[in-house]
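Structure first, commentary second.
The values are calculated or read from the model by the stated rules, or taken from the named source; none is laboratory data. Only a predicted model underlies this, so the values are computations on that prediction, with no experimental measurement involved. Ideal geometry is used to build each Cβ from the backbone, glycine not excepted, and the neighbour counts take in all protein chains shown.
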Amino acid sequence: MRLVHVSYKYWPPDFGGELLASIERFQSFSAHGYATTVLTAGQPHFASRETRGGLQIHRSPVVHHSRAGRGLRRVVFWFWAALRLVLVKPDVVHFGSIPGLSFVNSNLVAFLLCGLAKYKGARTVVVHSLAESGTEVYRSRGWSGFWTKRFYRTVNSIVAVSPALHRGLALDFGSKVSLLPYGIRDDIFTSGSDCEREELRSAHQILPGNVVFACLGAVGRRKGFDVLAQAFAELAPAHPEWRLWVIGPRSRAESQDIDEREVAEVTNTLKGLANRVEFWGRLDERPTLSRILSACDVFVFPSRREGMGIAPLEAMAVGVPVVVSRIPGVTDLANVEGDTGLYVLPGDLAGLKAAMLRLGTDGEARQRMGARAAQTVREGFAWKQHITKWMRLYEGGEAEASAGHGRDPDLTPKP
């Protein structure tokens, strides 16, 4: 089977959970004999063509590094991607990020490229991985909403990564919407040995008895970092043994989507705790990330908005209990209150502090919940079963409505 992935953004150099999850899936498909081609945007210092992880990567012309040049690069990408689709004969075209401009909606471009792919006889697939807002699963109003609907009605399969997204999309697009939550690379994210854990902690000045809280994701308000920073700053004076590890980009050099002014604002409360907070920055090496998470004690994920949070599942896979925002139909796919971790309401400073206190001061609870967390991921989010379901979808089969995950999607409130 020939699979073509069309995505303006690509990891590296771009950053994003769904982006990385897609690439890891495509690499697994390639290992299963799929001929996989990626059509993505040209980037400085990256070859126009290369083979990486079994994928044939083609990049559009870079054009120029200026702001005007980046805008022109998007327009060039539209026509370049269309030409590439004309020249190949794909069985499946999987759409990732498609760029727009102020006067051209991204979903208008996706709609046109989708029409071309279907004309070539290909099945077309798109993943919906993030709610537009707390009340809208996807942008359904206005000019942007019009083209989103046209694109989604044209594509053969829409994949929702959580019950909440699935339910909202199915109201408008019916049976073409499949629920396929993320799988976790359980061949990479495994609990490290005690020796490896202590060696890494020691190298980063973590003393016996210290408790390390960790978070993962782009530093900003959407991920709730402002609340986490405030909570840690208020609790730290009474708990000198606590440490905070922040993993993820916080500069434009690390991710083009970062708002550096916002980063400065949300990290301001930590200025007086520089010796107890370590910013790891962006980490692209997955085994390295696994080792770092394994060396932590508690994973904190107070996000305000998600499609399905991959980061807490990765932490759970290595045996770390989690504190996560309660976003029904999204975060409750894996975590069980009091069993694998704790819930807090998005933006709830008092609730987050209480959860951090509970796990930060109870080593026995951390051990018990961490062990159950790892078991939950192994049993419900194994990578092999995830890839099998995706292959079935690509080959024209139907994915399971519930995909074997979560509690009861019918209990999820309508978005």
Output yes when any residue across the stretch 31-40 is more than 21 Å from MET1 (Cα to Cα) and assigned by TED's automatic domain parsing to the domain that holds TYR119, and no when none is.
-> no
Kindly indicate whether any position in the stretch 10-29 is part of a strand (DSSP E or B), closer than 19 Å to TRP80 by Cα and in contact (Cβ under 8 Å) with a residue 12 or more places away in the chain.
-> no
Can you spot a residue in the stretch 162-178 that is touching a helix residue (DSSP H, G or I) at 6+ places or on another chain (Cβ under 9 Å), in a loop (DSSP other than H, G, I, E, B) and more than 18 Å from SER22 (Cα to Cα)?
-> no
Top-ranked residue in the stretch 314-342 [being without any contact (Cβ under 8 Å) to a residue 40 or more places away in the chain and over 17 Å from GLN375 (Cβ atoms); ranked as surrounded by the most Cβ atoms within 10 Å (Cβ to Cβ)] = VAL324
Could you figure out which of (1) under 20 Å from the mean Cα position of the chain (by Cα); (2) assigned to a helix (DSSP H, G or I); (3) under 20 Å from ILE188 (Cα atoms) isn't true of GLY319?
-> (2)
For the subset of the stretch 159-211 comprising residues that are acidic (Asp, Glu) and under 26 Å from PHE381 (Cβ atoms), which member is nearest to the chain's Cα centre (by Cα)?
-> ASP186
Which one of SER48, SER102, SER66, SER22 is touching a His at 6+ places or on another chain (Cβ under 9 Å), surrounded by fewer than 17 Cβ atoms within 10 Å (Cβ to Cβ) and among the small types (Gly, Ala, Ser)?
-> SER48
Restricting attention to the stretch 47-75, report how many residues are within 23 Å of the chain's Cα centre (by Cα) and in a loop (DSSP other than H, G, I, E, B).
-> 2
When residues of the stretch 125-143 are limited to those that are among the hydroxyl-bearing types (Ser, Thr, Tyr) and in contact with a Gly (Cβ under 9 Å, 6 or more places away or on another chain), the one nearest to GLY17 (Cα to Cα) | SER129
Of the conditions (1) in contact with a Ser or Thr (Cβ under 9 Å, 6 or more places away or on another chain); (2) closer than 21 Å to VAL88 by Cβ, the single one that ARG25 does not satisfy is (1)
Quick one: in the stretch 367-383, of everything that is within 15 Å of ARG185 (Cα to Cα) and without any contact (Cβ under 8 Å) to a residue 24 or more places away in the chain, which residue is surrounded by the fewest Cβ atoms within 10 Å (Cβ to Cβ)?
-> GLU379
Residue count for the stretch 269-286, restricted to those that are more than 15 Å from ALA229 (Cβ to Cβ) and touching a strand residue (DSSP E or B) at 6+ places or on another chain (Cβ under 7 Å) | 2
Which of the residues spanning the stretch 343-360 are of a type outside the set (A, V, I, L, M) and in contact (Cβ under 8 Å) with a residue 24 or more places away in the chain?
-> PRO346, GLY347, ASP348, LYS353, GLY360
Any idea which of PRO240, PRO249, PRO208 is modelled with pLDDT of 95 or more and out of contact with any strand residue (DSSP E or B) (no Cβ under 6 Å at 6 or more places or on another chain)?
-> PRO240
Residues in the stretch 384-397 that are surrounded by fewer than 17 Cβ atoms within 10 Å (Cβ to Cβ) and in contact with a strand residue (DSSP E or B) (Cβ under 6 Å, 6 or more places away or on another chain): how many?
-> 0
Counting only residues that are of a type outside the set (Val, Ile, Thr), under 17 Å from LYS149 (Cβ atoms) and not in a loop (DSSP other than H, G, I, E, B), the stretch 102-117 contains a total of 9
Condition check for VAL93: crowded, with 19+ Cβ neighbours inside 10 Å, outside any helix (DSSP H, G or I) and touching a residue at least 12 places away in the same chain (Cβ under 8 Å) = yes
